[in-house]
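Colleague: First the structure, which I've put down as structure tokens, then a few questions once you've had a look.
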Amino acid sequence: MQMSALLQKNNRKLKETITVKKAMKSMMVVAVLATIIFTILYRTMENGVMLSLAITAGTISYHFVIRYVVAGIFNRVMQNRADLSKTWYQQRTWEEKLYKKLHVKKWKSKMPTYEPENFDLRIHTPEEIAGAMCQAELSHEVIVIFSFLPLFTVPAFGAFWVFLITSVLSALMDLLFAIMQRYNRPRILKLCRK
């Protein structure tokens with residue numbers, strides 16, 4: 001019964017793949033183009049509104065691009081493999097209580113998955129899926145840290161609040177994905193032991 005439910009869920013996620021990938025890539029391209037356009041407009045018009053729009057679009061572009069760069073590096077290095085016995089991947093005793101307070105079980109299924117085929121039990125073994133989960137977790141954790149790098153540009157551009165708000169929102173989004181991976185991994189590891 002549990003295996004059947006996981007397969008049905010993964011089938012739904014596979015159908016979302018094209019939409020999620022296209023949407024993310026499209027948003028990144030739009031943000032980069034907007035950055036270029038608003039920067040050109042600011043340089044020609046020297047209008048403060050254009051500068052604010054260029055900074056905002058540039059910051060959003062950064063957050064999209066950094067996801068592709070970090071995920072690409074982890075994918076190249078780890079190839080969805082991980083030593084599951086490493087301490088970092090072990091769930092701590094306090095995590096289960098935290099996940100209950102955060103109601104992770106209720107919202108995790110509503111989160112998009114960029115490459116659901118990596119988590120599909122029809123294609124991969126539970127061990128392979130656990131490795132993909134570790135890689136995804138690490139990617140999101142590194143992105144959380146990198147989300148705050150735009151704050152170093154505040155002295156050059158000002159607009160502290162634009163950088164802070166986009167950095168915090170970006171970090172929170174990636175933290176949700178890291179939490180989701182850590183929440184799900186013990187469940188997939190149970191399948192490994194069966």
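Colleague: Just to be sure I understand, if you calculate P(r) over Cα pairs in 10 Å bins from 0, in percent for this structure, which of [x] 9, 32, 34, 20, 5, 0; [y] 9, 39, 39, 12, 1, 0; [z] 8, 30, 32, 18, 9, 3, 0 do you get?
Modeller: For P(r) over Cα pairs in 10 Å bins from 0, in percent, the calculated option is [z].
Colleague: Run the helix sum for the chain: -39,500 (n - 2.57) per DSSP H stretch of 4+ residues, divided by residue count, reported at 222 nm to the nearest 500 deg cm²/dmol.
Modeller: Values: 7 runs with 147 residues, N = 194.
Only helices count here, giving -26500 deg cm²/dmol.
Colleague: Then there's this: Ranked from the most accessible area to the least, with a 1.4 Å probe and all protein chains present, what is the order of ARG185, ARG67?
Modeller: On the way: ARG185 5, ARG67 45 Å².
Sorted descending by solvent-accessible area, the residues read ARG67, ARG185.
Colleague: Normalised by the number of residues in the chain, what is the relative contact order in percent for Cα pairs under 8 Å and 6+ residues apart?
Modeller: Taking the mean separation of contacting Cα pairs over the length of the chain, I get 27 percent.
Colleague: Note the full-extension length gain between GLU95 and LEU175 as 0.36 nm times their separation in residues minus their Cα-Cα distance, in nm to one decimal. If you can, show how the numbers build up before the last one.
Modeller: Values: separation 80, 0.36 × 80 = 28.80 nm, distance 1.37 nm.
Taking GLU95 through LEU175 to full extension adds about 27.4 nm, to one decimal.
Colleague: What's the carbon and sulfur percent of segment 44-95's accessible surface, probe 1.4 angstrom, rounded to a whole number?
Modeller: The computed percentage sits at 62.
Colleague: Please compute the contact order of segment 85-171 in relative form: average sequence separation of alpha-carbon pairs under 8 Å and at least six residues apart, divided by the residue count, as a percent.
Modeller: Working: 31 pairs, mean separation 16.5, N = 87.
Contact order relative to length: 19 percent.
Colleague: On to the next question. Return the single residue from ILE55, ILE123, ILE145 with maximal mean-square fluctuation; model: Gaussian network over the chain, springs between Cα atoms under 10 Å.
Modeller: Judging by the Gaussian network model, the answer is ILE123.
Colleague: Right, another one. Where only protein heavy atoms count, and the probe is 1.4 Å, what is the accessible area per residue for the chain in Å²?
Modeller: That works out to 62 Å² per residue.
Colleague: Scanning the chain for helices, which whole DSSP H stretches are 15 Å or more long along the axis (Cα) and average 0.0 or more by Kyte-Doolittle?
Modeller: Working: long enough: 2-45 (61 Å, 0.39); 48-78 (44 Å, 1.25); 126-146 (30 Å, 0.70); 160-193 (50 Å, 0.83).
Those that clear 15 Å and a mean of 0.0 are 2-45, 48-78, 126-146, 160-193.
The values are calculated or read from the model by the stated rules, or taken from the named source; none is laboratory data. None of these values were measured; they are calculated from a predicted model. Heads up: the accessible areas ignore ligands, DNA and RNA and are worked out on the full protein's heavy atoms, side chains in. Shrake-Rupley method; radii C 1.70, N 1.55, O 1.52, S 1.80 Å.
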